[in-house]
1. Take segment 1-26 and flag every residue that is closer than 21 Å to Phe82 by Cα, in contact with a Ser or Thr (Cβ under 9 Å, 6 or more places away or on another chain) and open to solvent by 30 Å² or more (accessible area, probe 1.4 Å).
2. Of the conditions (1) open to solvent by less than 40 Å² (accessible area, probe 1.4 Å); (2) assigned to a helix (DSSP H, G or I); (3) of a type in the set (Val, Ile, Thr), Val107 satisfies every one except a single condition; which number is it?
3. Using the structure shown, decide if Val80 is without any contact (Cβ under 8 Å) to a residue 40 or more places away in the chain and open to solvent by less than 80 Å² (accessible area, probe 1.4 Å).
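The values are calculated or read from the model by the stated rules, or taken from the named source; none is laboratory data. Bear in mind that the values here come from a model prediction, so they are computed numbers and not experimental data. Every residue, glycine among them, receives a Cβ derived from its backbone with ideal geometry; neighbour counts consider all protein chains shown. Quick note on the areas: whole protein, heavy atoms, side chains included, nothing else; ligands and nucleic acids left out. Shrake-Rupley method; radii C 1.70, N 1.55, O 1.52, S 1.80 Å.
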Amino acid sequence: MSNEEVHYKLLKVLHDEPDLSQRELAKRLGISVGKTNYCLKALAEKGLIKAGNFKNNPDKRAYVYLLTPQGVKAKAKATVEFLKRKQTEYEALKREISQLKREVAVVDDS
């Protein structure tokens, strides 16, 4: 998975569940905690998310990751790009399946 795709998926998950830990985020995305941390830092440096502590949480290491207004816009743009890319992949896969079906039909006719 590219960093761009990880960033999109992080923004998507954090939009819905901003209080997930880095370990939980990593598990959801199927990536390492180290890569999750790296990508979260990159998103924060770009100004797309803000990380803040839960003041009343006894575990002071617990953070909430909030999308900034710029992050919400970036998520929307990334969603459109992700959809375009997946549609292109889907169309290519459909063509490949059709070709394979034709090849199987020729073999069956033999």
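1. Correct list: Lys12 only.
2. It is condition (1) that Val107 fails.
3. So Val80 fits the description; yes.
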